[in-house]
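Since the structure comes first, as structure tokens, the remarks are kept for the end.
Since every read-out is calculated from the coordinates, none of them should be taken as a lab result. Everything quoted here is computed from the prediction, not taken from an experiment. Backbone-built Cβ (ideal geometry, glycine too); neighbour counts: all protein chains shown.
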Amino acid sequence: MPKFEYAPAPESTSVVDLETSYGLFINGEFVDGHGESFKSISPSSEEVLAEVSEATDADVDAAVKAARTAYTRVWSRMSGADRGKYLYRIARILQERAREFAVLESLDNGKPIKESRDVDIPLAAAHFFYNAGWADKLEYASLGANPRPHGVVGQVIPWNFPLLMLSWKIAPALATGNTVVLKPAETTPLTALLFAEVCQQADLPPGVVNIVTGAGATGQAIVDHPGIDKLAFTGSTGVGKMIARSIAGTRKKATLELGGKAANIVFDDAPIDQAVEGIVNGIFFNQGHVCCAGSRLLVQESVADEVTRRLKRRIGTLRVGDPLDKNTDIGAINSRAQLDRIIALTEAGESEGAERWDNGCELPSSGFWFRPTVFTGVTQTHRIAQEEIFGPVLSVLTFRTPQEAVAKANNTPYGLSAGIWTEKGSRILWMADQLKAGVVWANTFNKFDPTSPFGGYKESGYGREGGRHGLEPYVRTGA
Ligand code: TAP
């Protein structure tokens, strides 16, 4: 197939005003943390973007106290309609500053600008708009009698969708009348800190949103703080289990959004070219750093060769490189540690006997990169079929009957998402009923909307985010 050469189409970084160092955002102001500062680097160039303060236990304590004061004196007394006005204001500012946020997200995270520009930032604003609409209607949201906030919410988020995960957390918490202390991931703190500026610009009362930066120890300090009423965590199943253990026996409520190993299931009557697009979007969107990524392709045996052939041809056209280039399909892997994990798991795939293929594209000389990779001949016992790789790596398995597809799809400790590709509506409904997954997409994949609940079964966690269901964990009900 002829290769098209694309001229570079870089997005300008002039819209972003990076500081050399950032403090913590506590009680409406930026303050220095008392821990060692750390560097946030660009994963595509390894260049240092900024120094960021690390929050110690004492800093987390100050943030929780600020959140408590804001809760008791201001936010819990404000009418829902007034809280909604602040959320609408934040949503509009996110839209106005969308380009700045998109460029900063791509710089700090390594994701392609076309994704941060067209997916992450618009969806983040949409979550604020959507939850703003609920703020004065909570009594009509079927949440139970007399819905009221918990108080101070602690929130810890991962690095794969930094601003979007922040919006999934902060928007419903504020709409329901809680105040928050949020920790972004150590490798991607910059858009959360820019969001803190948005809170100032929106005149949000001091202490309603507090952002504390740092690594796992800062997250643990939030989890352990006795002043936290509810926790919301998105991240790995391992850390989620630790959190569940540390809060057992306390009065803290929690929602855990954890890992996944989704099956994307293609039947022989599926429109193959559309399915191929869905498979590519399912596993290579955001470098495969997606909890609900379709990382296990289950394809019906009679079309397996055809699907794999067309899939490889399509993957051959994907462009890997500069995240700020508007033509880039696959950006940089977020960190050296994540790259090492992907390498280790793909080596295990080879040594366990699966057949490895990648698109052979050239990779930049600095930064963290991984070619889009496909493993065929994968069996269910292989580590690459069981463990979350969280990278641009697809494992292909086959099946003969719908029953076998269901059995294989459900053969995982996770249960976050699944995809079904078939022309038969009855089969879609039957499969969706059998699959143990929180989200099931039919003839599409990785579609997100703030009105739609998202969350997992089994080791993918508990609680839902998004939609009316996403408000539930943030309220108490009853007398
Ligand atoms: P984790 O290592 O679990 O980190 C998630 C967050 O928890 C980070 O902010 C991390 O801080 C912090 N953390 C680490 N140790 C902690 C501790 N002991 N106590 C409290 N907080 C702690 O996950 P990750 O590697 O960043 O993210 C990838 C994982 O997130 C994948 O498994 C993915 O599937 C999952 N994920 C799930 C969803 C949903 S909605 N289910 C969405 C996105 C991602 P540092 O990073 O700063 O160390």
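Report the calculated FRET efficiency for D449 and C361 (r = Cβ-Cβ distance, R0 = 30 Å), to the nearest 0.05. That pair, D449 with C361, gives E of 0.40. Annotation: for a label point projected 7 angstrom from Cα along Cα→Cβ of E36, residues of segment 202-231 with backbone N closer than 15 Å are 214-218.
Shape analysis of segment 301-378 places it in the oblate category; the axes a ≥ b ≥ c from the Cα gyration tensor give an a/c of at least 1.5, with a/b not above b/c. Under a Cβ-Cβ cut-off of 10 Å, what is the net charge of the residues other than E115 that fall near it, where Lys and Arg count +1 and Asp and Glu count -1? Neighbour charge sum, excluding E115 itself: -1.
If you take every residue apart from D17 with its C-beta less than 13 Å away from the C-beta of D17, what net charge results, scoring Lys and Arg +1 and Asp and Glu -1? Value of the local net charge: -1.
Placing dummy labels 7 Å off each Cα toward the beta-carbon, the span from T379 to S12 is 5.8 nm.
Sparse packing (at most 11 other Cβ atoms within 10 Å of the Cβ) combined with a DSSP loop state is found for none of the chymotrypsin sites (Phe, Trp or Tyr not before Pro) in segment 356-392.
Kirkwood analysis of segment 12-106, using all unique Cα-Cα pairs, places the hydrodynamic radius at 15.9 Å. For the chain, what does the relative contact order come out to in percent, with C-alpha contacts under 8 Å and a separation of six or more? The normalised contact order for the chain reaches 18 percent. Of the trypsin sites (Lys or Arg not before Pro) in segment 145-254, the ones in a loop by DSSP (not H, G, I, E or B) with at most 12 other beta carbons within 10 Å are R251.
Annotation: segment 140-267 has a Kirkwood hydrodynamic radius of 15.6 angstrom, from the mean reciprocal C-alpha pair distance. The convex hull around the C-alpha trace of segment 263-442, projected and averaged over every direction, spans 9.8 square nanometres. Peptides 344-353, 104-113 ranked from most to least packed give 104-113, 344-353, packing being the mean of other C-beta atoms within 10 angstrom over each peptide's residues. Rg/Rh for the chain to two decimals, with Rh computed the Kirkwood way over all alpha-carbon pairs. With Rh from the inverse mean 1/r over Cα pairs, Rg/Rh is 0.97. Extending 7 Å from Cα along the Cβ direction at Q95 and again at D118 yields two label points whose distance is 2.0 nm.
Per residue, the average separation of C-alpha pairs within less than 8 Å and at least 6 apart gives segment 263-442 a relative contact order of 28 percent. In the calculated pair distance distribution of segment 169-228, what percentage of Cα-Cα distances lie above 14 Å? That fraction is 59 percent. Taking 0.36 nm per residue of separation and subtracting the current Cα-Cα distance, fully stretching the chain between A215 and V48 would add 58.4 nm.
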